[in-house]
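**Student:** Below are the structure tokens for one structure; questions will follow.
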Amino acid sequence: MIEYPPKPITDNTQVRNYRKNVVDLEDAINATPGSHKGDYYPLKHTFADGMYIREISMPKGALFVTKIHKFTHPYFVLKGDVSVLTEEGVIRIKAPYSGITKAGTKRVLYCHEDTVWTTIHKTDKTDLKKIRRRGYR
């Protein structure tokens, strides 16, 4: 379920301002003593016929900023309740839910409940270091 669907942004200045503010927030979070950086939350990696499936489990109360997604890909919220800030505004997603992440997306997530989020990426690689270098996060 999504509450308050956002409207697409057509103003490039607004997109640039959003991105700068999100990066500033990410820097502030990372500079806070006791904050968790990088892939702190449990990840499950699965590979199948040219697909990389990445599942992250996030606890209630988690707040974090995603990497910039380099490729468009599907995602699934399998469990939980999460608010997601994007260039288009805030949406609240309650499991079960599926959507598409557009290339260039950078989000801020806040988990209202323990949440499981899964992404699927097209790749013939199975080495996680090579996959990360390519930009799947």
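The values are calculated or read from the model by the stated rules, or taken from the named source; none is laboratory data. Being a predicted model, the structure only gives us computed values, none of them experimental. We place every Cβ from the backbone using ideal geometry, glycine too, and count neighbours over all the protein chains shown.
**Student:** Anything in region 1-18 that is modelled with pLDDT under 80 and either within 17 Å of Tyr110 (Cβ to Cβ) or in a strand (DSSP E or B) (or both)? List them, or say none.
**Tutor:** Residues satisfying the conditions are Met1, Ile2, Glu3, Tyr4, Pro6.
**Student:** Among the candidates Leu63, Leu43, which residue alone is of a type in the set (A, V, I, L, M, F, W, C) and closer than 18 Å to Ile131 by Cβ?
**Tutor:** Just a single option satisfies the conditions, and that option is Leu43.
**Student:** Mind checking which residues of region 72-93 are farther than 19 Å from Glu55 by Cβ, modelled with pLDDT of 95 or more and of a type in the set (D, E, K, R)?
**Tutor:** Arg92
**Student:** On to the next question. From the list Lys67, Lys94, Lys122, Lys102, which residue is in contact with a His (Cβ under 8 Å, 6 or more places away or on another chain) and under 30 Å from Gln14 (Cβ atoms)?
**Tutor:** Lys102
**Student:** Please enumerate the residues belonging to region 94-107 that are of a type outside the set (D, E, K, R), under 20 Å from Leu43 (Cβ atoms) and modelled with pLDDT under 95.
**Tutor:** Thr101, Thr105, listed by residue number.
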